[in-house]
Amino acid sequence: MTEAKASLTPIVVFYPEGRCVEGRAGWTLLDAAQAAGVHLDSACGGQGTCGKCRVIIRLGEVDSRPSEHISGAEAEEGMVLACQSHVIGDVVAEVPAASQLGELQILIGGTETSAAAEVPLAQVAEVSLDPPSLDDPLADWERLARALGRALPDFETFSVDLDALRALPGAARAGQWRLRAAVADLAGSGQVFAIETARPGRPGYGVAVDIGTTTIAAHLVDLASGSAPNARACLNDQIAFGDDVISRIIAAAEPDGLRRLQQAVVRSVNSLVAQLADEQAIAPAEIVAIACAGNTTMTHLLLAVDPAAIRREPYVPAARAFPVLRAGEIGFDAHPAAPVYLAPCATSYVGGDTTAGVLATGMADVDELWLLVDLGTNGEIALGNRDWLTCCSCSAGPAFEGSGLRYGMHASLGAIERAEYLPDADRMLFSTIGGAKARGLCGSGLIDVLASLLEAGVVDRAGRIDLGFPSRRVRVREEQPEFVVVWGEEAGREDDIVLAEADIENLIRSKAAVYAGIAVLLESLGLRPPDLARLNVAGAFGNYLDVEHAVTIGLLPDIPLDKIRFVGNTSVAGARMALMSRAARARAQEIASRMTNFELSAVPAFMGQYVAGLFLPHTDLARFPSVAARVPSRSR
């Protein structure tokens with residue numbers, strides 16, 4: 001009987017979605033959830049250390065390892081960690097709201113850029129050919145190349161793909177010598193990759209994609225006009241393998257890991273492409289060009305190129321610049337021969353998303369000193385102007401996206417995104433994403449709460465909670481001082497949403513890393529924050545940030561607030577520029593090659609700057625004069 005049962009394929013059902021999937025040998029519930037399209041919060045990538053992927057077994061059983069994140073009472077109710085529970089038979093699992101990633105608040109738009117077309121990555125030309133005759137017996141291809149030369153003067157030479165050449169004779173004669181040709185810009189030469197009879201009024205389309213560690217955003221672009229009729233965004237399905245790039249690199253080293261990671265990100269991009277195409281009432285095959293920007297690890301994983309060396313000294317990627325590929329090679333749902341452009345990377349940890357950001361903001365074309373800080377899952381920083389560019393990367397994002405904090409969470413439904421503490425009334429004012437009941441705190445909410453507590457004197461500059469502060473919100477639980485942000489009854493839950501001293505320590509470490517990166521770049525060049533003409537804050541997290549609160553905790557330098565600009569999703573904006581312009585693609589390559597990288601782990605000054613930043617806002621209050629005036633004297 002045991003042998004017969006073991007041979008059956010187990011069915012795993014997840015509620016409340018009601019999704020089911022056939023299990024496989026060796027699968028964990030986290031693997032099954034990923035296959036079923038159920039997004040569980042799994043910040044640690046299935047290592048069992050974050051305790052986020054909690055599910056309740058309602059029917060059946062699993063082979064589950066005990067976890068310190070599951071109390072005895074919770075275990076009796078059937079609570080397990082999905083990543084530590086192997087499927088051994090049919091099972092029904094309930095996914096509590098706290099374990100669901102849900103729909104994230106994703107920044108789709110980018111900084112405003114010129115939409116004018118200047119030799120797009122690909123374009124569609126409709127031409128009329130003179131029919132051949134005894135007096136003009138030119139071959140079909142030569143006849144088409146001659147017509148394209150007149151229609152597309154930016155190309156000196158043309159070549160043709162075999163599949164397009166095979167289609168040419170029939171299409172030319174069926175269309176009475178009126179043809180529609182898709183032409184890719186390959187190193188200045190026109191590569192014809194699709195030929196069909198003319199269909200007036202159907203422009204070619206391209207897609208610009210920001211491949212982020214957590215989220216993916218895509219714009220559908222009319223290649224003739226440069227306009228973007230619609231845009232979409234979604235989770236990067238790779239999130240099931242961990243929140244950060246290191247977790248993904250480790251996961252890629254597992255058996256079949258690289259293939260699974262590549263399939264996950266392609267699946268996410270294709271889901272967006274399908275939505276964009278459907279909304280515009282076009283077939284995916286009418287998408288004839290794709291431009292992508294992502295960090296170095298995301299780019300490697302998209303191409304299924306082993307990223308293992310990126311995390312080992314001397315931190316060398318397989319490549320920093322990439323050839324123009326074809327959609328079919330990667331698995332994108334577009335015309336199979338559509339060219340795919342990948343923004344070049346500067347270093348292992350400063351990727352094509354930063355290159356695209358520098359391109360989109362125009363900081364490489366100004367005389368003044370500009371700073372670009374991309375506050376996404378990974379903190380990437382660029383400093384410079386038209387004469388020089390420097391960059392660095394700091395590990396900061398996971399804490400600001402909720403990783404490592406008990407009530408931290410991604411910016412999804414129910415996350416507290418704005419907050420202010422009123423000490424006189426002992427009240428916390430807050431708003432949540434979607435207006436839903438509070439489930440936890442996302443990055444912008446965490447910074448708001450910490451800044452408010454510092455200004456109120458609840459938290460001192462070392463991040464310690466004042467247990468003598470006259471508020472019933474201040475308490476000690478399980479020997480850990482904490483502050484109640486939202487009472488359980490307010491949120492319709494049994495437990496209170498709190499910010500504990502351990503959480504504050506994590507936030508301080510993250511903000512110290514960002515500030516230290518900025519300080520190292522500036523001071524290595526003999527510069528100071530007042531020398532900045534502009535500080536551009538990019539990325540999804542940065543877009544929802546209260547800039548004054550970011551300065552209050554010492555995340556950003558204390559400069560006049562009118563110098564700080566939110567520039568949106570500069571990664572997708574730069575990808576869109578590259579999609580539309582040969583000059584932009586050349587400029588991106590130049591930017592990536594010009595950026596001088598500071599490997600912070602090898603810069604002696606970094607550790608000193610980091611340690612000095614482990615205070616609120618900083619050890620040296622003279623660096624933050626506007627904050628010093630607001631911080632209570634007892635907190636100094």
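Determine the relative contact order of the chain: mean sequence separation of Cα pairs under 8 Å and six or more apart, normalised by residue count, in whole percent.
13 percent
If you take the square roots of the eigenvalues of the alpha-carbon gyration tensor of segment 205-342 and sort them as a ≥ b ≥ c, do you get rounded (a/c under 1.5), prolate (a/b over b/c) or oblate? Before the final figure, lay out each step's value.
Details: a/c = 2.18, a/b = 1.83, b/c = 1.19.
Prolate, since a/c reaches 1.5 and a/b exceeds b/c.
Please give me, ordered by residue number, the trypsin sites (Lys or Arg not before Pro) of segment 267-367 that lie in loop per DSSP and have at most 16 other Cβ atoms within 10 Å.
Answer in residue order: ARG312.
Rounded, prolate or oblate, given the Cα gyration tensor of segment 510-606, with a/c below 1.5 counting as rounded?
oblate
Would you mind ranking GLU286, GLU76, GLU126 by Cβ crowding within 10 Å, fewest neighbours first?
Listing GLU286, GLU76, GLU126 from fewest to most nearby Cβ atoms yields GLU76, GLU126, GLU286.
With Rg and the Kirkwood Rh both taken from Cα atoms, where does Rg over Rh land for the chain?
Rg/Rh for the chain comes to 1.02.
Which whole-percent values make up P(r) of segment 285-378 when all C-alpha to C-alpha distances are grouped in 10 Å steps starting at zero?
Taking every Cα pair in segment 285-378, the percentages come to 16, 40, 31, 12, 1.
Starting from a Cα-only point model with no solvent, please compute log10 I(q)/I(0) by Debye for segment 122-197 at q = 0.22, 0.25 1/Å.
Normalising to I(0) and taking log10 leaves -0.94, -1.20.
Sum up the charges of everything whose Cβ sits under 13 Å from the Cβ of VAL373, counting Lys and Arg as +1 and Asp and Glu as -1, but leave VAL373 out. Each step should come with its number before you reach the end.
On the way: positive: LYS511, ARG534, LYS563, ARG565; negative: ASP353, ASP374, GLU380.
That works out to +1.
Please name whichever of PHE241, ALA318, THR214 sits farthest to the positive end of the charge dipole of segment 205-342, dipole taken about the Cα centre and charges placed at Cβ: Lys and Arg +1, Asp and Glu -1.
ALA318
Over segment 205-342, what is the relative contact order in whole percent, taking alpha-carbon pairs under 8 Å and six or more residues apart?
25 percent
Is there a quick way to get the dipole size of the chain? I mean about its Cα centre, with the Cβ of Lys and Arg at +1 and of Asp and Glu at -1; what is the value in debye to the nearest 20? Show your work: numbers first, answer last.
Values: 53 positive and 78 negative charges, 127 e Å.
My answer is approximately 620 debye.
Which ordering of ILE330, ILE282 is given by a fewest-first count of other beta-carbon atoms within 10 Å?
ILE282, ILE330
Can you divide the C-alpha Rg of segment 183-232 by 2.2 N^0.38 Å and report the result to two decimal places?
Numbers: Rg = 14.0 Å, N = 50, 2.2 N^0.38 = 9.7 Å.
For segment 183-232, the normalised Cα radius of gyration is 1.44.
Restricting to DSSP loop positions (anything but H, G, I, E, B) with no more than 11 other Cβ atoms inside 10 Å of their own Cβ, which GluC sites (Glu not before Pro) remain in segment 414-504?
Counting only loop positions with at most 11 other Cβ atoms within 10 Å, the GluC sites (Glu not before Pro) in segment 414-504 are GLU478, GLU479, GLU494.
Sorted by mean Cβ packing within 10 Å, highest first, what order do the peptides 431-443, 520-532 take?
431-443, 520-532
Got a sec? Charge dipole of segment 122-197, +1 on Cβ for Lys and Arg, -1 for Asp and Glu; which of SER189, VAL160, LEU134 is way out at the positive end?
Comparing the listed Cα positions along the dipole, LEU134 ranks first.
Among the DSSP beta bridges whose two residues both lie in the chain, what percent are antiparallel, rounded to the nearest 5? Don't skip to the answer; put the middle values down first.
Details: 74 of 106 bridges.
Bridges in the chain are about 70 percent antiparallel.
Sort ARG260, ARG58 so the one with the fewest other Cβ atoms within 10 Å of its own Cβ comes first.
Lowest count first: ARG58, ARG260.
Which value results when the Cα radius of gyration for segment 2-99 is divided by 2.2 N^0.38 Å?
So segment 2-99 has a normalised radius of gyration of 0.99.
Values quoted throughout were computed directly from the atomic coordinates according to the rules given, and no laboratory measurement underlies them. None of these values were measured; they are calculated from a predicted model. All Cβ positions, glycine included, derive from the backbone under ideal geometry; neighbour counts span all protein chains shown.
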